[in-house]
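Reviewing the structure listed below.
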Amino acid sequence: FKGGDTCEYLLSSGRFLGEKVWQPHSCMMHKYKNSEAKNCLLDRHVAFIGDSRIRQLFYSFIKLLNPQVKEEGNKHGNILFEDKSASIRVDFLWYPEVNGSMRQRIKSWTEDSVAKPHIIVAGAATWSIKIHNGSNEALTQYKINITSIAPLLEKLAKSSDVYWVLQDPVYEDLLSESRKMITNEKIDAYNEAAVRILNSSSRNSKAKVKVFSVSKLIAQETIMKSADGLHLPESSRDTNAMILMNVYCNKIMKPIDGSCCQPQAPLTLIQKLAFCFFTLSIIGYLIISLIHRNNYRKNKSCTDLESGEERKPAVSAPNGSTLEMLLHSFCKLGLIMTYFYLCDRANLFMKENKFYTHSSFFIPIVYILVLGVFYTESTKETKVLNREQTDEWKGWMQLVILIYHISGASTFLPVYMHIRVLVAAYLFQTGYGHFSYFWLKGDFGVYRVCQVLFRLNFLVVVLCIVMDRPYQFYYFVPLVTVWFMIIYATLAMWPQVVQKKANGNCLWHFGLLLKLLCLLTCIYFLSYSQGVFEKIFSFWPLSKCFELNGNVYEWWFRWKLDRYVVFHGMLFAFIYLALQKRQMISEGKGDPLFSSRVSNVLLFVSVVSFLTYSIWASSCKNKTECNELHPSVSVVQILAFILIRNIPGYIRSVYSSFFAWFGKISLELFICQYHIWLAADTKGILVLIPGYPMFNVLVSTFIFVCVAHEISQITNDLAQIVVPKDNSTLLKRLLCIAGFFSGLLLFSAVQDQSRH
């Protein structure tokens with residue numbers, strides 16, 4: 001990697017992904033909307049000075065501010081544009097040749113009494129070639145003129161952003177007779193002169209004229225689509241205008257998916273404290289390891305000469321081993337978090353935009369499906385949704401979601417709708433799994449609650465600290481955490497109804513159904529009362545957890561999108577466990593779930609329902625319309641899949657160990673992808689090995705999966721230490737955790753004040 005100046009790469013290199021998507025080398029380009037462009041250029045003056053090609057770029061630039069602008073007016077004269085609402089002024093000044101007139105205009109801006117444009121975009125050459133019939137004398141004069149202009153541009157560059165646009169190649173076959181003398185050979189000579197002369201006297205990097213050479217690369221791919229062989233097609237000049245906007249605005253607006261020209265964010269107070277903590281953990285672990293190694297050598301087992309018995313080495317105290325395990329876990333976690341930070345916060349590794357093609361999504365899907373089928377084994381038990389089956393379900397869903405994210409398939413609506421069902425299926429399993437546990441075990445103790453909350457939230461809390469992101473940014477974890485608390489509150493509140501109690505009196509079943517009905521009513525009320533919902537989660541300190549970009553709308557949207565599916569999971573668990581208790585289903589190995597006739601009918605209905613949902617999802621017109629119906633209909637495909645997977649006994653008796661392995665670390669995979677597989681907080685792709693896309697994905701995927709697996713083990717180890725079974729010890733730990741989060745809130749408040 002040659003360095004961190006992504007601005008230089010943005011202005012000089014890149015490639016096309018498909019026909020119209022430009023990918024700069026090493027960084028990501030943000031697609032600016034009108035409102036963003038206006039906010040960036042507020043109270044700014046932009047000047048374009050040059051020939052008809054610069055005029056084209058001028059029009060594409062102002063269309064980013066106002067798409068309704070039409071290319072009208074005197075083609076060989078000055079054109080002025082002004083947006084009074086944002087106090088933005090953009091001028092095009094007609095100077096088709098680099099001559100005394102252009103020099104005089106530029107010189108006027110260097111005077112102290114004159115207001116200088118904040119951005120100056122200049123360039124010209126083709127008119128000089130045309131008027132002088134491509135003569136060598138014209139090139140010599142061009143060199144003299146640009147030599148006289150260069151110091152003025154460099155002087156302006158000290159206070160303004162100055163860009164010199166190199167000349168694009170032409171498509172000589174399409175040129176008219178009056179332009180035949182404009183050859184690519186001549187254009188290259190003029191460009192070479194401009195590059196050599198500009199900045200030749202400037203030693204200060206801040207006073208350099210930025211050479212806009214990327215337009216040449218874009219033109220080489222698209223000039224053959226030109227109408228006259230000289231001027232670029234509209235899509236190409238729009239790309240140039242967007243590059244120009246990225247160069248200037250990224251450092252001001254700091255878009256997440258615009259890593260080009262964006263400086264590395266300074267470390268926050270909390271990040272510095274986290275760095276110190278992990279450093280001390282590593283040092284502490286190394287010291288304890290050295291002490292233990294020395295003790296082991298001193299107490300090494302040796303043969304007692306008198307008795308001939310072997311002495312055992314001294315066993316370390318339990319507290320010592322616990323401390324060592326704690327420091328060991330934090331030591332590994334510290335190294336992993338360093339990798340996270342380097343991948344997605346430091347300007348060390350390259351990042352690229354996503355680009356969707358059908359093959360980039362469906363070919364990997366087929367590949368993992370074949371792998372999954374290849375690793376088929378028999379299950380230990382043949383119950384509906386047994387542990388191996390749910391792990392398998394989580395695993396293949398997670399792999400599909402990962403492929404969906406890295407391929408950028410969200411732009412293809414049918415795929416988006418099916419992925420929404422997979423996310424809903426995770427939440428369905430949340431409702432099913434936690435309801436089943438509380439119903440069967442009747443364990444509403446604090447230990448169980450703390451264990452679940454710790455396992456769900458540990459990694460996200462660490463990432464919020466290290467990566468300086470709000471809790472709601474990792475939206476899925478807040479979602480499953482809140483739903484777990486809702487399930488717990490629903491079943492734990494008086495009267496507590498569990499299976500043991502319900503077996504004695506069937507009326508308790510109606511009591512539980514009444515509780516579920518109350519839950520459904522509350523969900524329905526909140527889903528149509530956005531104001532009430534937002535007020536609940538806007539109270540401090542809840543607002544610190546659920547706000548994103550200063551409001552809780554994102555949290556409202558995520559919650560509402562799958563608002564009924566957890567309830568559906570709880571209801572399904574209740575019905576299934578009731579049928580199981582009354583022995584109305586057969587779960588023997590190889591046996592169909594129901595009688596042959598009932599099984600065949602249910603299987604047929606399930607297949608039809610599954611396909612019907614897929615047809616509906618494929619015929620959706622827009623995301624808004626589909627998302628409105630999704631909460632009510634997603635359960636159809638989920639239930640259809642469960643029945644198809646479990647009704648035939650031979651299918652229920654096997655599972656894919658390949659998918660199940662990934663299912664055990666599915667939560668870690670989902671969260672880790674944000675920063676070490678994807679990049680720019682999932683908006684782009686991490687590039688460890690430039691120039692080899694497939695090899696890069698293989699390497700980054702291997703590291704990503706290994707890290708997720710390691711974090712899963714660290715979380716399990718720390719859960720045993722941080723959340724002990726002894727109630728008095730657990731209470732002390734909870735007080736410590738409360739103190740930790742209080743300190744975090746305090747430091748966060750201090751940090752916010754310093755930012756403002």
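Beta bridges assigned by DSSP with both partners in the chain are antiparallel in approximately 55 percent of cases.
Secondary structure note: in segment 6-253, about 35% of the DSSP beta bridges are antiparallel. For the pair segment 469-483 and segment 551-598, the centres of their Cα atoms are 23 angstrom apart.
The alpha carbons of segment 349-723 stretch over 67, 51, 48 Å along the principal axes, in descending order. Rounded, prolate or oblate: pick one for segment 311-441, where a ≥ b ≥ c are the square roots of the eigenvalues of its C-alpha gyration tensor, a/c under 1.5 means rounded, and failing that, prolate if a/b is larger than b/c, else oblate. Oblate shape, in that a/c is at least 1.5 and b/c is the bigger or equal ratio.
Here the chain exposes an accessible surface that is 61 percent carbon and sulfur, computed with a 1.4 Å probe and the other protein chains kept in place. Calculated accessible area for the chain comes out at 49 Å² per residue, all protein chains present (probe 1.4 Å; ligands, DNA, RNA ignored). Computed over the chain, the Cα gyration tensor eigenvalues convert (square root of 5λ each) into semi-axes of 59, 33, 26 Å, ordered from largest to smallest. Peptide packing: for 662-670, 347-355, 484-492, the average count of neighbouring Cβ atoms within 10 Å per residue gives the ranking 662-670, 347-355, 484-492, highest mean first.
Near Ser215: Cβ cut-off under 13 Å, other residues only, Lys/Arg at +1 and Asp/Glu at -1. The net charge is +1.
Give me the distance between the Cα centres of segment 624-672 and segment 70-149, rounded to whole Å. Segment 624-672 and segment 70-149 have Cα centres separated by 62 Å. With contacts taken as Cα pairs under 8 Å and at least 6 residues apart, segment 126-284 reaches a relative contact order of 22 percent.
Using R0 = 41 Å, the C-beta based FRET efficiency linking Glu72 and Glu192 works out to 0.70. In percent, rounded to a whole number, the relative contact order of the chain is 15, using alpha-carbon pairs under 8 Å and six or more apart. Considering all different alpha carbon pairs of segment 418-470, the Kirkwood hydrodynamic radius works out to 13.2 Å. Judged by the gyration tensor of its Cα atoms, with axes a ≥ b ≥ c, segment 365-475 is oblate; a/c meets the 1.5 cut and b/c is at least as large as a/b.
For the pairs Lys254/Lys332; Lys33/Lys354; Lys272/Lys664; Lys33/Lys216; Lys394/Lys589; Lys116/Lys180, note any where the Cα-Cα span goes beyond 27 Å. Too far apart for the 27 Å limit: Lys254/Lys332; Lys272/Lys664; Lys116/Lys180. For segment 6-253, what class follows from the C-alpha gyration tensor (a ≥ b ≥ c being the square roots of its eigenvalues): rounded when a/c is under 1.5, otherwise prolate if a/b is larger than b/c, else oblate? Rounded. For the peptides 267-278, 424-435, the ranking by mean Cβ contacts within 10 Å, running from highest to lowest, is 424-435, 267-278. For the listed peptides 382-393, 674-685, a ranking on the average number of other beta carbons within 10 Å per residue, highest first, reads 674-685, 382-393.
Only helical runs count toward this figure. For the chain, summing -39,500 (n - 2.57) over DSSP H runs of n ≥ 4 and dividing by all residues gives -20500 deg cm²/dmol at 222 nm. In whole angstrom, how far apart do the alpha carbon centroids of segment 718-752 and segment 517-541 sit? Centre-to-centre (Cα) distance: 28 Å.
The values are calculated or read from the model by the stated rules, or taken from the named source; none is laboratory data. Source: prediction; values computed, not measured. Quick reminder, even Gly has a Cβ in these numbers, built from the backbone with ideal geometry, and neighbours come from all protein chains shown. Ligands, DNA and RNA are excluded from the accessible area calculation, which covers all protein heavy atoms including side chains. Shrake-Rupley method; radii C 1.70, N 1.55, O 1.52, S 1.80 Å.
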